[in-house]
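Working notes, structure below.
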Amino acid sequence: LHIAIIALGSILISFLLLFFIISKIEKRLIEERKNDCVITAREISKVIENSNSLDLICTLYGNEFLSLDSSRIIDKYFSELVEETLTELNGLEGGIYVKGLGDFVGYAFPTSPPPYPVYGPPPRSHKLIEEQAIITIEKGKDIVNVHAFDPAIFPLATVPLYNNNTIIGSVWVRVHIERELPLTKLKRVVNFVTIISVVGFVVMAMFSFFLR
C-alpha cells in the first residue's frame, strides 16, 4: 500500500510539473502572437498615415451622398494598403475602424485559407472588435487583448489612426491561435488526470491511516 501511495504521489508530481511546463509554453506563444499583432497594426497605421490618403477616409464619412461604387473603390484601396503589411506574417487579418463612419473599411486577410473572405470582420467577432477599437479611439492608446469563445482564441491589437494629430479611427489586427495551441487539449487531459490522482492519493492515504 505504501508503495502504491508513493507511486501515485510520483505520478501526481509528474503531472503537476507537466502542467506547469505546458502553461509556460502557452503563455510565451500567446505573448509572441500578441506582439506580432500590435507591431503589424502599428506598421499599417504608419503606412496609411504616410500615404497621403487620409482625406479619402474623411470623404468616406463626411459625404452622406457618396455613391456605393465610390465607397467600394475607397474600401478596396485601403484593403490593398492593409494587405501589403498583413502578408508579412501568416494568419493575420485586419482593417480600419473609422470613427466618423462608425464602421469598418479596408478589411484584408491575405493568408486566409479558401474561400477568401471579401468583407470583414466576421459577424461573430464584429461587435467585439468594434468595442475594442472604440476604446482605443477614446483613450488614444494601443490595446492588445486575448479573446476566446469556443473554439476560437485570438489576440487582438487596436492602435489609433491619426490625421493631423487628430484620431480619426483605429487599425485592428488579430490572429487565430487555437490551432497553434494543441497543448490546450493536452492541458485538459492533464487537469483531469491530476484531479483523479489527487483523489486517489487522498483515498489511499486515508485508507492507510485507518489500517494503522
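The values are calculated or read from the model by the stated rules, or taken from the named source; none is laboratory data. Here the structure is a predicted model, which means the values were calculated and not measured. Heads up, the Cβs are rebuilt from the backbone with ideal geometry, glycines too, and the neighbour counts pull from every protein chain shown. Areas reflect the complete protein model, heavy atoms only, side chains present, ligands, DNA and RNA absent. Shrake-Rupley method; radii C 1.70, N 1.55, O 1.52, S 1.80 Å.
Here ILE196 meets the list (1) modelled with pLDDT under 80; (2) within 26 Å of SER79 (Cβ to Cβ) almost entirely, failing just condition (2). If only one of PRO151, PRO123 is over 24 Å from SER71 (Cβ atoms), of a type outside the set (A, V, I, L, M) and within 16 Å of the chain's Cα centre (by Cα), which one is it? Answer to the selection: PRO151.
It is to be established whether one or more residues within the stretch 102-121 are under 16 Å from LYS34 (Cβ atoms), at pLDDT 90 or above, touching a Phe, Trp or Tyr at 6+ places or on another chain (Cβ under 6 Å) and not aliphatic (A, V, I, L, M). For the stretch 102-121, residues under 16 Å from LYS34 (Cβ atoms), at pLDDT 90 or above, touching a Phe, Trp or Tyr at 6+ places or on another chain (Cβ under 6 Å) and not aliphatic (A, V, I, L, M): absent.
Exactly one residue out of ASP103, ASP150 is closer than 26 Å to ARG28 by Cβ and not polar (S, T, N, Q): that is ASP150. ILE30 fulfils the conditions (1) under 19 Å from the mean Cα position of the chain (by Cα); (2) at pLDDT 90 or above; (3) open to solvent by less than 60 Å² (accessible area, probe 1.4 Å) except for a single criterion, (2). When ILE48, ILE6 are checked against the criterion of being assigned to a helix (DSSP H, G or I), among the aliphatic types (A, V, I, L, M) and at pLDDT below 85, a single residue qualifies: ILE6.
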